[in-house]
Amino acid sequence: MPMHRILFPCRPDLLRSFLATAVLALIFLARPMEFQAQTVRMNLDEAIEAAIRNNHNLKSAALDVRKADAQVTEAFGNALPSLDLTASYTRNLEIPSFFVFPEGADPIEFRTGADNAVNARLNLRQTIFNGAVFNGVGTSRTYAQISRTQLRSQIGTTILDVRNAYYSALLAKEFLDVSQTSLTNAEANYREVNVLFGEGLVSEFDAIRSEVQVANLRPVVETSRNRYIDARNNLKVVLGLDPLTEIELTDDFVYDSTLAPAAAVSELQTDAGNRNLDLKALEEQVEFNNQVIDIYRSEFLPTIDFFGNYVFDGQANDFDFLTSNASSVGLELRYNLFNGFRSSSRVEQAQVDELRAREQEMLARKAVQSRVVNVMGRIRTAMQTISAQERTIAQAQRGYDIARARYTEGLGSQVEINDADEALRLAQLNKLQYIYDYMSALAELDLLRGEIDERYIELVTTDE
């Protein structure tokens, strides 16, 4: 009997009904999973913390710091004494022997050793003078410090990226709000004009203009909404979040003029020159290269080691060993007389690396000074423009209100209302754009000056 007849002895149509019901059940069961995207609310500080925790480059840099610390321990260990123990047991299957050939007599065989032999040797060596070893400790410490400075620099760059992405998302949200407000006003105006047109109180031209205004603003709103979605998606990439995670920004897009530095540009340049993390890393690189030069120069110097040996021997045909001990101490001098100019060539290469590092440090210092000037120019321009735009917005709002009032009294036209709304929207968008420029410039200035909250450093270093 066919299987479906065993399971469903009634009719085949019941089988089809059952399968359809099962498919619908699966669809409904799967639907909640599709729309259960996690929503995360976060302010700027929380976004920075998330980015630092999720950033794989920072984790890799933190591992470089751990490795550099281990290299410091290794270099220091080269200056400490070395103590080696070797021990062995030997079972002689055939005892070795040697022969003596006396003059005028038969050879005499002498056996050396016994059936069982044990041996233990203790070797001690301590470097008394070795320029490469002693300089290597300082060099490894400098390298470890370079790794830490570079880690801090990467954290600072990550913070700047997060701040810019967060500000961009806030800006896109504000753009969407302004566009939506303009569309709402246009739709309200369109409904009023339609009523007046139906009563014969306004011309068909005004009705057409109000309808066209609504039609023109709808794509603007959709474009703003898409930009807001793109900005949030970009922020999720910067934060290292799952693309399906929804984020809600809790900070406000607020202009605070008190955040602008009051110091002169020259003072800020000096501050950046002393605290900029990239510059500090390059300065440490110059120091590191100088220490490498000293290491290679030390190859022209002798090496002096202290050594000590202790030897224990035991032999027996059974396990009742006869034992003997020996010990010795001494000094060992090693001095290279000629190595084919390899040492001098290494010194020359290290000197070239040191000169290159100095040139890179000087170039980077000039770039930092120039960036400070540019950033301060952006901050001042933004502050001046925001102040001017606040007055412009007030004027544009008054112009829009007057245009609405004039139209209500039969003295104005839809063209005036549309122009006033466009002017108001443009003034608001300009102010928002310059608020973003102001906040972005402040974030870059913090990076140039090496301003990093230690809390963010600890997020990485505590996991080392």
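The values are calculated or read from the model by the stated rules, or taken from the named source; none is laboratory data. The structure displayed is predicted, hence computed values, not measured ones. Note that each Cβ is placed from the backbone with ideal geometry, even for glycine, and that neighbours are counted across all protein chains shown.
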Those residues of region 356-373 which are of a type in the set (A, V, I, L, M, F, W, C), touching a helix residue (DSSP H, G or I) at 6+ places or on another chain (Cβ under 8 Å) and under 15 Å from Glu283 (Cβ atoms), in sequence order: Ala357, Ala364, Val368
Top-ranked residue of region 331-362 - restricted to ones that are free of Cβ contacts under 8 Å to residues at least 24 places away in the same chain and among the small types (Gly, Ala, Ser), ranked as nearest to Phe129 (Cα to Cα): Ser344
Condition met for Leu355 (under 30 Å from Asp437 (Cβ atoms) and part of a helix (DSSP H, G or I)): no
Options Arg371, Arg449, Arg398, Arg365; residue that is without any contact (Cβ under 8 Å) to a residue 60 or more places away in the chain and out of contact with any Ser or Thr (no Cβ under 8 Å at 6 or more places or on another chain): Arg398
Residue in region 398-411 that is among the polar types (S, T, N, Q), out of contact with any Pro (no Cβ under 7 Å at 6 or more places or on another chain) and within 21 Å of Val193 (Cα to Cα) present: yes
Where Arg346 falls short, out of the listed (1) under 47 Å from the mean Cα position of the chain (by Cα); (2) loosely packed, with under 10 Cβ neighbours inside 10 Å; (3) of a type outside the set (Asp, Glu): (2)
Some residue of region 205-224 being within 17 Å of Asn164 (Cα to Cα), of a type in the set (A, V, I, L, M, F, W, C), in contact with a helix residue (DSSP H, G or I) (Cβ under 8 Å, 6 or more places away or on another chain) and touching a residue at least 12 places away in the same chain (Cβ under 8 Å): no
All strands (runs of 3 or more DSSP E) inside region 65-150 with 1 or more residues being under 44 Å from the mean Cα position of the chain (by Cα), of a type outside the set (Phe, Trp, Tyr) and at pLDDT 90 or above: 82-91, 116-129
Some residue of region 279-299 being basic (Lys, Arg), under 24 Å from the mean Cα position of the chain (by Cα) and surrounded by 15 or more Cβ atoms within 10 Å (Cβ to Cβ): yes
Selected residue [surrounded by 12 or more Cβ atoms within 10 Å (Cβ to Cβ) and under 30 Å from Ser257 (Cβ atoms)] from Ala357, Ala316, Ala364, Ala382: Ala382
